[in-house]
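Each reported figure results from applying straightforward, stated rules to the coordinates on display, with no laboratory input. In this text the structure is predicted, and so the values were computed from the model without any measurement. Virtual Cβ from ideal backbone geometry, glycine too; neighbours counted across all protein chains shown.
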Amino acid sequence: MGVSIAEYFGQRTDIDNPVIIPISIQAACPFSSGNICKKLKSRNHPVCSVRKRDGTMWIVCSERLCNTKKDIPLCQHQKGILHKIAQQLYDPAVLFSEVCVKREESLNVVEGTTYKADYVISLINGRTAFSGPDKMILEMQGGGETSNTGELSSLINEWAANPSRTNAQLRSERGASTLETNAWRRQQEQFIVKGNIAMKTWKGYGMAFCVGSLLYDYLMNKLASAHLPDLKKYNWTLAVIAIKEDDSIPVKSGAIPITVDESKMLFTNYQTFVQALINQGEPSLGAFRGNFINLENETVSIP
C-alpha cells in the first residue's frame, strides 16, 4: 500500500491553491519558535507528514507533533497541543495558565545513564486533577519513518524541477508504507524506563504517552487480549492518548490541524500495562527443538 505527502514544510498538499514552493535553504520550522527545520538542516526534504491510502495522517518528523526544545518560548502550536492534552489528563475546564511544563528534563537511571523526558507536566499549585496524577512524564510520538523513502524523495525532486509544478503532483501516491512496528520498538525502552522512574519518584506521579492514531491502533491491537481496566474516573497512573487530524475545521492553506482523538484514549494502571506488554510472548517449544547446526556447519537434531 502506498502513501502520499500530506504536508511539505508546514503546508498541506490536499488543496490546489496556493501552489506550494520548493524549499532548499535552511528556514525556521513552522511548528516551533525559531528553530531551523531539522530536515533542511540535514539536507533532507522538509516533509512533515504523509497520508495512507485511507487518508490517515502519519507524522514523519519528530518536530511536527509538539517540539520540546528547552529554554525556547512555546509557540502557539505547542501551547494548543499541550492544552488539548491537559484537558484530557486533568479537566476539560483547565486553563492555559494552570498547565505547567518542563522540557527535556533529565531523568536518572540505576547505571548512571541519563534519559530525558519530552515533558514533565504539572498543574499549578492549588489546582488538583479530576482523576489520576497531578504530575507526570509526558512523551510524544506522533509517528515515525516510512519504508522506501527514496520513492518520496524522487517524487519531490521531479516536482521541484517541474516549472509547471502543482500540488496534485506533490501529493501523488508512491510505493512507501508507514512503519508502526519500528516506531513502537524504539519507544518501548523509553516508555518502560521513564514510566518506572515516575512511579518510583512519588506514589502519586504518572506517565502519559501521546501518539498518532496509527501507532495507537497498533499498540491496542497488540494488547487486545489483555483486557486492561478502564480507570478514567479513578486512580489511573498511565494514559495513552491518540492524536488525529482535526477534520471538524474547514480545509484551508497551511498546516493540517490536529487534535486529540477522544475515541482513542486509554487510562489505566501503569504496572498492569507493562505486565501486559511482557505477557505477549507464548511458549514456543519448537524453537528450542529440532534441527540445529553445529559450528562445523553440520546438521544436528536436538530433542
Worksheet entry | Estimated vicinal HN-Hα couplings, Hz - segment 17-28 in sequence order (Karplus 6.51, -1.76, 1.60; Gly, Pro = x) | 9, x, 6, 5, 9, x, 10, 10, 8, 6, 9, 5
Worksheet, complete the sentence: Of 191, 130, 292, the most mobile residue in a GNM of the chain (C-alpha springs, cutoff 10 Å) is 292
Worksheet, complete the sentence: Largest-first semi-axes in Å of the equivalent ellipsoid built from the Cα gyration tensor of segment 104-150 are 30, 19, 8
Discussion item. Taking loop as defined by DSSP and a crowding limit of 15 other beta carbons within 10 Å, which chymotrypsin sites (Phe, Trp or Tyr not before Pro) in segment 197-240 fit?
Written reply: 202, 234
Worksheet, complete the sentence: In a Gaussian network model of the chain with springs linking alpha carbons closer than 10 Å, the residue among 210, 37, 75 that fluctuates most is 75
Worksheet item: Between residue 21 and residue 91, what length in nm is gained on full extension when 0.36 nm per residue of separation is reduced by their alpha carbon distance?
Response: 21.1 nm
Worksheet entry | Radius, Kirkwood style, for the chain when every pair of distinct Cα atoms is counted (Å) | 21.3 Å
Worksheet item: Using the Cβ atoms and a cut-off under 9 Å, what net charge is assigned to the surroundings of residue 244, where Lys and Arg are +1 and Asp and Glu are -1?
Response: -3
Discussion item. Could you give the length gained by full extension between residue 220 and residue 298, i.e. 0.36 nm per residue of separation minus their alpha carbon distance, to one decimal place?
Written reply: 23.7 nm
Item to complete: Treat segment 1-102 as a sphere of radius equal to its Kirkwood radius over Cα pairs and apply Stokes-Einstein at 4 °C in a medium of 1.567 mPa s; give the translational diffusion coefficient in µm²/s, rounded to a whole number.
Response: 85 µm²/s
Worksheet entry | Descending semi-axes in Å of segment 49-182, equivalent ellipsoid built from Cα gyration tensor | 37, 19, 14
Worksheet item: Taking θ as phi - 60°, what are the ³J(HN,Hα) couplings along segment 235-244 by the Karplus curve (6.51, -1.76, 1.60), each to the nearest whole Hz, with x for Gly and Pro?
Response: 9, 6, 10, 9, 10, 10, 10, 8, 10, 9
Worksheet entry | Rg/Rh for segment 170-303, where both radii come from Cα atoms and Rh is the Kirkwood radius | 1.13
Worksheet entry | Computed E for residue 76/residue 173 - FRET, C-beta separation, R0 30 angstrom, nearest 0.05 | 0.40
Fill in: Size of electric dipole in segment 117-195: Cβ of Lys, Arg +1 and of Asp, Glu -1, about Cα centre, debye, nearest 20
180 debye
Discussion item. Just to be sure I understand: of the beta bridges DSSP finds with both ends in the chain, what percent are antiparallel, rounded to 5?
Written reply: 75 percent
Response to the item:
Phi angles of segment 169-174, converted by Karplus (6.51 cos²θ - 1.76 cosθ + 1.60, θ = phi - 60°) into ³J(HN,Hα) in whole Hz with x for Gly and Pro, give 5, 5, 9, 5, 6, 10
Response to the item:
Ranked by GNM mean-square fluctuation in the chain (Cα springs under 10 Å), the top entry among 101, 110, 47 is 110
Discussion item. Once you keep just the Cα pairs under 8 angstrom separated by 6 or more residues, what percentage relative contact order results for segment 119-186?
Written reply: 33 percent
Worksheet item: Out of segment 164-265, which trypsin sites (Lys or Arg not before Pro) are coil in DSSP terms and have no more than 10 other C-beta atoms within 10 Å?
Response: 203, 233, 252
